[in-house]
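The structure appears right after this line, and notes come after that.
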Amino acid sequence: MVRVTASACALTLTLTLGAGSALAAPPRRVPARSPAQVEMIYMTWPEIYDAIHKAGKTTALIYNGGTEQRGPQCVLGGHTLMGERTAALIAEKLGNALVAPVMPFSPTGVSEDHPGGVSVPPAVFKAVNEAAVDSEVKNGFKNIILMGDHGGGQDVLAEVAKEKDAQYAPQGVHVYFCGDVYKKANDAFDAYLKAHHLPLSEHAGIPDTSEMIYFAGRRWVRMDKIAAGDPIPPPGQPPVLKVNNGVIGSAIGSSAALGRIAVDMKVDAAVKQIRGFLASQAH
C-alpha cells in the first residue's frame, strides 16, 4: 500500500510539473510552406492559380513513374518516388514550372517470381497522358512537358507530345517530350560508371539504387540486400536467368554519392532541353 501511494504521489507530481511546463512553454510554431513549393499535389487551388497567373509558373511537368520489382534491395515504387523528387528539382531549377501528380504506372513487366508490379498497356498509358495534357491545358498552363523515369513508354510519350502540340499550338499552348532526362542522362551516367570501373546494369543496378539511397537511404533501399544479378545480355537478346533475383547487371557499389551525380545529370539534362524548347518559341 505504501509503494502504491508513493507511486501515485510521484505520478501526480510528474503530471503537475509537466502541465506547468506545458503552460509555461510558448506555443510551437508550425513552419510555413516553403515559397519554393512546386508540387501541385501539395498545393491548394488558390496557390496554384496564383502561381500560374501572378508568379508566371506557366509550365507544367507531367512526369511518369512506374511500379515494378527493383531487385531484392529497392522498394517497388522506385520510379515514382524518384520521379517525384527529380521533377521537383527540375521545376525549382527552371523557376517557371509546377509538377503535376506523378503517374505511378507504366508499360512494364509483371512476374510471379518477383511479385508486386503493375503494368498498363501502351494504349492505356497513352490515353492517360493525353488526358493529363488536356487537364493541364484547362488548368491554364501554356507549356506542358512530358517525361518518364521508366524505359517503357518513352516512345509513347514522344507520340503524345507531337500529337497534342499539333492540337493545341493554334491556341498558343505547346506540348513537348523531354527525353533527355532519361536517355541522355542515363547514357552519361553509364559513361561515368565505365570510366570509374564500376559495373553497368540494365535493371535494378547502380543507377536507380544509388538515386534511391541518395533520396531516402534505408527507407527505400535494403542496404544489406544489395547484390549482383544475371549478366547483361547481348543487344536484342533476352537475359539468361540463373541468379534470377531481379537484377540485370549489378547493384554492388551503389552509394548516395553516386546517386547525387546521377540525379544532377538528370536535372541538368532536363532543364537544358526544356529551356531549349521554350527559347525556340521566340524565333
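The values are calculated or read from the model by the stated rules, or taken from the named source; none is laboratory data. Given the structure is predicted, the values throughout are model-derived calculations rather than measurements. Here the Cβ is made from the backbone with ideal geometry for all residues, glycine too, and neighbour counts use every protein chain on show.
For segment 56-77, state whether one or more residues are in a helix (DSSP H, G or I) and either touching a residue at least 24 places away in the same chain (Cβ under 8 Å) or closer than 28 Å to residue 247 by Cα (or both).
No, there is no match, as no residue in segment 56-77 is in a helix (DSSP H, G or I) and either touching a residue at least 24 places away in the same chain (Cβ under 8 Å) or closer than 28 Å to residue 247 by Cα (or both).
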Among the residues of segment 220-252, count how many are over 21 Å from residue 185 (Cβ atoms) and in contact (Cβ under 8 Å) with a residue 40 or more places away in the chain.
10
Single condition residue 150 does not satisfy, out of (1) under 25 Å from residue 271 (Cβ atoms); (2) modelled with pLDDT of 95 or more:
(2)
Among the residues of segment 118-138, is there at least one that is assigned to a loop (DSSP other than H, G, I, E, B), modelled with pLDDT of 95 or more and either within 20 Å of the chain's Cα centre (by Cα) or acidic (Asp, Glu) (or both)?
yes
Kindly indicate which of 185, 161, 228 is crowded, with 22+ Cβ neighbours inside 10 Å, out of contact with any Phe, Trp or Tyr (no Cβ under 9 Å at 6 or more places or on another chain) and of a type outside the set (Asp, Glu).
185
Where a residue in segment 90-107 is touching a residue at least 24 places away in the same chain (Cβ under 8 Å) and buried (at least 21 other Cβ atoms within 10 Å of the Cβ) and its partner, wherever it lies, is acidic (Asp, Glu) and assigned to a strand (DSSP E or B), with Cβ under 6 Å and at least six apart:
99/39
Count of segment 200-225 residues which are buried (at least 17 other Cβ atoms within 10 Å of the Cβ) and either assigned to a loop (DSSP other than H, G, I, E, B) or not hydrophobic (A, V, I, L, M, F, W, C) (or both)
11
Looking at the structure I just gave you, is residue 141 at pLDDT 95 or above and assigned to a loop (DSSP other than H, G, I, E, B)?
yes
Subset of segment 137-156 [within 28 Å of residue 53 (Cα to Cα) and either surrounded by 23 or more Cβ atoms within 10 Å (Cβ to Cβ) or of a type in the set (Lys, Arg) (or both)]
138, 141, 142, 144, 145, 146, 147, 148
